[in-house]
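Engineer: Attaching a single structure in C-alpha cells format; questions to follow.
The values are calculated or read from the model by the stated rules, or taken from the named source; none is laboratory data. Predicted model, so just to flag it, every value in this text is computed and none were measured. Using ideal geometry, Cβ is built from the backbone for each residue, glycine included, and neighbour counts are taken over all protein chains shown. To get the accessible areas, we keep the full protein, side chains included, count just its heavy atoms, and leave off ligands, DNA and RNA. Shrake-Rupley method; radii C 1.70, N 1.55, O 1.52, S 1.80 Å.
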Amino acid sequence: MSTLRLLISTSHDPWFNLAVEDTIFRHLPAQQRVLFLWRNADTVVIGRAQNPWKECNTRRMELDKVRLARRSSGGGAVFHDLGNTCFTFMAAKPEYDKSISTGIVINALRQLTIQATASGRNDLVVETAAGPRKISGSAYRETPDRGFHHGTLLLNADLDRLAHYLNPDKKKLQAKGITSVRGRVANLQDLIPDITHERICEAIERAFFTHYGESVAPEYISPQALPDLPGFGETFAHQSSWEWNFGHAPAFSHQLDERFVWGGVELHCDVEKGIITRTQLFTDSLNPAPLEILAERLRGAPYRSAALLAECETLSQEYPERAAELHELGAWLAQAIS
C-alpha cells in the first residue's frame, strides 16, 4: 500500500478547506505523506497570533463580503481569491522536513520554466525586470510528532484587492501579536501568460510523486463528498466561528472619540479574546448618566458592531428622551469598531 495521499478540494470555502486540513493533520498516520491542493474565494487569511482589526480593513471586508479565516499556523495576513493556488504538505516526524516540500514546489515551478528561489524564512521569489518579486508565501505548524507546511502561489490574483483588504483602517488600537510585513509581489501569469490553477497543481503533483518515487490516484473533496474525517463537523464549527476567527485575537486596547452636537464622547476599551473587559468613558454631555450606564454594560460584551448597537438601542428605550442621541451614538460605535 502506498504511503502517499493526494487530496484535492473542489470547494472554495476557506473554513471548509482549513477544517479539512486540520482534521487530516490531527489523524495523520505515522507512515503517511500527504499533499493537499486547494484554493479559496475572496478571503483574508490571518495567522493564529494576529489581530484582524489591526491587520485588515474589516469594514471594507464586510461591505464586499470577504471572509476572514484564521489558520492554525503562524505568520502574517494574506488575501486569497481564485487567482491563488494553495498547497499543504504533511508528514510525521522525524521525516517531516519543510526544506523537502519547498524543494518540491521549486521543482514544480521549474517544470513550467519558472526559476524560483527560497528567500527569507518562508517566501519564494523570482527575478523580474523590475527586480525580485515574491510569488509565494508559506507558514508552518509542528507538534511533537508531526508537521505541516502550507503556502500560496500567486497565479493571477487581483493585487489591487489585496492592497484594499490588507491595509487596515487607522483605528487607535494598541495591539499585541504578530504584525504582517508587506513585500512587493508578482503574479506567475506575468511570466507564463497561459498558466492556470490546474497546470500548477499538475506540476506540483508530478514533483511530489517524483520525489517519493511512487504515485497515487487523487481523492477529490467537497462538502458533498467527504472522505472519512473523524470529528470534521466539530472542527468545521470551530474553524467557521466568530470566536476563533475574531475572538482569538491577542489582547488590545481601543480608544474611540467623536464630537456630536450634544457633546463629545471618548471611550477607552480593553479587549481580550474578543470580549470587552474594561471600559472608561469621558463626556461633556449635560446628562452623562445613560452614557455612564452604557460604559458599564459594555463590559463583558463581544467586541462586535451588533453588540454595541444593541446596548445603545436598549438604553434608548430606557431613556426615551435621549433616544435620538443614543441612536446616533450606537451608529457611530458600530461603524468605529467594524
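Engineer: Of everything in segment 231-256 that's in contact with a helix residue (DSSP H, G or I) (Cβ under 7 Å, 6 or more places away or on another chain) and open to solvent by 50 Å² or more (accessible area, probe 1.4 Å), which residue is nearest to ARG299 (Cα to Cα)?
Structural biologist: My answer is HIS238.
Engineer: For GLU243, state whether it is on the phi < 0 side of the Ramachandran plot and in a helix (DSSP H, G or I).
Structural biologist: When the stated conditions are applied, GLU243 passes them.
Engineer: Take the residues in segment 38-78 that are outside any loop (DSSP other than H, G, I, E, B) and either over 13 Å from the mean Cα position of the chain (by Cα) or of a type in the set (Asp, Glu) (or both); name whichever of them is surrounded by the most Cβ atoms within 10 Å (Cβ to Cβ).
Structural biologist: TRP38
Engineer: Against the conditions (1) in contact with a Phe, Trp or Tyr (Cβ under 7 Å, 6 or more places away or on another chain); (2) more than 20 Å from GLU62 (Cβ to Cβ), where does SER240 fall short? Just the number, please.
Structural biologist: (2)
Engineer: With respect to ALA217, is the statement that it is modelled with pLDDT of 95 or more, farther than 28 Å from ILE106 by Cα and open to solvent by 40 Å² or more (accessible area, probe 1.4 Å) true?
Structural biologist: Values: modelled with pLDDT of 95 or more: yes; farther than 28 Å from ILE106 by Cα: no; open to solvent by 40 Å² or more (accessible area, probe 1.4 Å): yes.
It is false that ALA217 is modelled with pLDDT of 95 or more, farther than 28 Å from ILE106 by Cα and open to solvent by 40 Å² or more (accessible area, probe 1.4 Å).
Engineer: Oh, and also: If a residue has to be over 27 Å from the mean Cα position of the chain (by Cα) and either of a type in the set (Asp, Glu) or crowded, with 18+ Cβ neighbours inside 10 Å (or both) to count, how many in segment 261-278 make the cut?
Structural biologist: So the count comes out to 3.
Engineer: Can I ask one more? Taking segment 291-309, which residues are open to solvent by less than 50 Å² (accessible area, probe 1.4 Å) and either within 30 Å of ALA49 (Cβ to Cβ) or at pLDDT below 90 (or both)?
Structural biologist: Just the residues of segment 291-309 that are open to solvent by less than 50 Å² (accessible area, probe 1.4 Å), to begin with: 291, 293-295, 298, 301-303, 305, 307-308.
If the condition is that a residue be open to solvent by less than 50 Å² (accessible area, probe 1.4 Å) and either within 30 Å of ALA49 (Cβ to Cβ) or at pLDDT below 90 (or both), then ALA295, LEU298, ALA301, PRO302, TYR303, SER305, ALA307, LEU308 are the ones that fit.
Engineer: If I go through segment 5-37 residue by residue, how many of them are open to solvent by 10 Å² or more (accessible area, probe 1.4 Å) and part of a strand (DSSP E or B)?
Structural biologist: Number of matching residues: 4.
Engineer: Can you pull out every residue in segment 79-104 that is touching a residue at least 60 places away in the same chain (Cβ under 8 Å), within 22 Å of the chain's Cα centre (by Cα) and not in a strand (DSSP E or B)?
Structural biologist: Of everything in segment 79-104, those that are touching a residue at least 60 places away in the same chain (Cβ under 8 Å), within 22 Å of the chain's Cα centre (by Cα) and not in a strand (DSSP E or B) turn out to be ASP81, LEU82, GLY83.
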